[in-house]
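Written out below as C-alpha coordinates is the structure these notes cover.
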Amino acid sequence: MSNCEYNREQFEQLWSERRVELLRRDSEYREAAGQFKMTSATDVLLFVIPVVVGIVSIDSLPLQSELLRYLVSALITVAAFVLCVWAKSLLSGGSRSVADIERRVKERYYRQYMEKGHLNE
(Lines give C-alpha, C1' and ligand atoms only; values in the text may rest on other atoms or scores of the structure.)
Protein backbone atom coordinates (compact mmCIF):
# COMPACT_ATOMS: atom_id res chain seq x y z
CA MET A 1 0.00 0.00 0.00
CA SER A 2 1.41 3.40 -0.96
CA ASN A 3 1.87 6.24 1.50
CA CYS A 4 -0.91 8.27 -0.16
CA GLU A 5 -3.38 5.38 0.17
CA TYR A 6 -2.37 4.92 3.80
CA ASN A 7 -2.89 8.65 4.50
CA ARG A 8 -6.27 8.56 2.79
CA GLU A 9 -7.25 5.55 4.90
CA GLN A 10 -6.17 7.34 8.10
CA PHE A 11 -8.09 10.43 7.05
CA GLU A 12 -11.23 8.41 6.32
CA GLN A 13 -11.01 6.90 9.81
CA LEU A 14 -10.62 10.35 11.41
CA TRP A 15 -13.43 11.74 9.24
CA SER A 16 -15.82 8.99 10.29
CA GLU A 17 -15.01 9.66 13.96
CA ARG A 18 -15.26 13.46 13.81
CA ARG A 19 -17.58 14.10 10.83
CA VAL A 20 -20.41 15.77 12.76
CA GLU A 21 -18.06 18.05 14.71
CA LEU A 22 -16.15 19.12 11.60
CA LEU A 23 -19.30 19.80 9.59
CA ARG A 24 -20.75 21.94 12.39
CA ARG A 25 -17.75 24.26 12.02
CA ASP A 26 -18.69 25.11 8.43
CA SER A 27 -21.21 27.97 8.19
CA GLU A 28 -22.41 27.06 4.68
CA TYR A 29 -23.16 23.48 5.82
CA ARG A 30 -25.03 24.72 8.91
CA GLU A 31 -27.13 27.04 6.75
CA ALA A 32 -27.94 24.33 4.19
CA ALA A 33 -28.79 21.77 6.88
CA GLY A 34 -31.03 24.33 8.61
CA GLN A 35 -33.17 24.78 5.49
CA PHE A 36 -35.39 21.90 6.55
CA LYS A 37 -36.23 23.29 9.99
CA MET A 38 -39.60 24.92 10.52
CA THR A 39 -38.68 28.51 11.31
CA SER A 40 -41.62 30.56 10.06
CA ALA A 41 -45.37 30.51 9.57
CA THR A 42 -44.84 29.65 5.90
CA ASP A 43 -42.89 26.54 6.91
CA VAL A 44 -45.70 25.44 9.21
CA LEU A 45 -48.19 26.03 6.40
CA LEU A 46 -46.16 23.87 4.02
CA PHE A 47 -46.40 21.00 6.50
CA VAL A 48 -50.08 21.51 7.34
CA ILE A 49 -51.16 21.45 3.68
CA PRO A 50 -50.57 17.66 3.25
CA VAL A 51 -52.67 16.91 6.33
CA VAL A 52 -55.55 19.01 5.03
CA VAL A 53 -55.25 17.44 1.57
CA GLY A 54 -55.36 13.98 3.15
CA ILE A 55 -58.43 14.72 5.23
CA VAL A 56 -60.31 16.28 2.33
CA SER A 57 -59.37 13.44 0.00
CA ILE A 58 -60.89 10.80 2.33
CA ASP A 59 -64.39 12.18 1.79
CA SER A 60 -64.02 13.09 -1.86
CA LEU A 61 -62.59 9.84 -3.24
CA PRO A 62 -65.20 7.90 -5.23
CA LEU A 63 -64.27 4.51 -3.78
CA GLN A 64 -66.71 2.09 -2.15
CA SER A 65 -64.21 0.39 0.16
CA GLU A 66 -63.44 2.47 3.22
CA LEU A 67 -60.07 0.75 3.71
CA LEU A 68 -59.08 1.47 0.12
CA ARG A 69 -60.19 5.08 0.54
CA TYR A 70 -57.91 5.45 3.61
CA LEU A 71 -54.96 3.85 1.82
CA VAL A 72 -55.33 6.07 -1.25
CA SER A 73 -55.73 9.09 1.02
CA ALA A 74 -52.52 8.15 2.84
CA LEU A 75 -50.69 7.95 -0.49
CA ILE A 76 -52.06 11.33 -1.52
CA THR A 77 -50.93 12.79 1.82
CA VAL A 78 -47.39 11.43 1.37
CA ALA A 79 -47.25 12.80 -2.19
CA ALA A 80 -48.44 16.22 -0.97
CA PHE A 81 -45.81 16.16 1.78
CA VAL A 82 -43.04 15.38 -0.73
CA LEU A 83 -44.25 18.21 -2.97
CA CYS A 84 -44.29 20.63 -0.04
CA VAL A 85 -40.73 19.71 1.01
CA TRP A 86 -39.63 20.12 -2.60
CA ALA A 87 -41.35 23.53 -2.77
CA LYS A 88 -39.66 24.58 0.48
CA SER A 89 -36.25 23.67 -0.90
CA LEU A 90 -36.96 25.73 -4.03
CA LEU A 91 -38.24 28.69 -2.02
CA SER A 92 -35.29 28.66 0.38
CA GLY A 93 -32.97 29.35 -2.54
CA GLY A 94 -30.34 26.76 -1.68
CA SER A 95 -28.45 26.19 -4.90
CA ARG A 96 -26.16 23.50 -3.49
CA SER A 97 -27.28 20.35 -1.80
CA VAL A 98 -26.15 19.37 1.69
CA ALA A 99 -24.31 16.39 0.17
CA ASP A 100 -22.37 18.65 -2.23
CA ILE A 101 -21.39 20.97 0.59
CA GLU A 102 -20.36 18.01 2.77
CA ARG A 103 -18.17 16.70 -0.07
CA ARG A 104 -16.49 20.11 -0.42
CA VAL A 105 -15.90 20.39 3.34
CA LYS A 106 -14.48 16.87 3.46
CA GLU A 107 -12.11 17.63 0.60
CA ARG A 108 -10.96 20.83 2.31
CA TYR A 109 -10.22 18.90 5.51
CA TYR A 110 -8.40 16.22 3.50
CA ARG A 111 -6.12 18.83 1.94
CA GLN A 112 -5.49 20.27 5.41
CA TYR A 113 -4.74 16.79 6.76
CA MET A 114 -2.25 16.13 3.96
CA GLU A 115 -0.51 19.50 4.54
CA LYS A 116 -0.50 19.67 8.35
CA GLY A 117 -1.06 16.08 9.44
CA HIS A 118 -4.10 16.89 11.61
CA LEU A 119 -7.72 18.08 11.36
CA ASN A 120 -7.68 20.95 13.87
CA GLU A 121 -8.29 24.48 12.64
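What to note about this one:
- Yes/no for residue 63 being assigned to a helix (DSSP H, G or I) and either touching a Leu at 6+ places or on another chain (Cβ under 8 Å) or not basic (Lys, Arg) (or both): no
- The condition of being loosely packed, with under 12 Cβ neighbours inside 10 Å, at pLDDT 80 or above and in a helix (DSSP H, G or I) holds for only one of 51, 56, 44, that being 44.
- Residue count, the range 1-37 (criterion: in a helix (DSSP H, G or I) and modelled with pLDDT of 75 or more): 23
- Residue match in the range 84-104 (condition: at pLDDT 90 or above and among the hydrophobic types (A, V, I, L, M, F, W, C)): no
- The range 94-116: number of residues that are under 23 Å from residue 41 (Cα atoms) and open to solvent by less than 60 Å² (accessible area, probe 1.4 Å): 1
The values are calculated or read from the model by the stated rules, or taken from the named source; none is laboratory data. All values derive from a computational prediction rather than experimental measurement. A quick note on method: Cβ atoms are made from the backbone with ideal geometry, for glycine too, and the neighbour counts reach across all protein chains shown. Note: areas computed on protein heavy atoms with side chains; ligands, DNA, RNA excluded. Shrake-Rupley method; radii C 1.70, N 1.55, O 1.52, S 1.80 Å.
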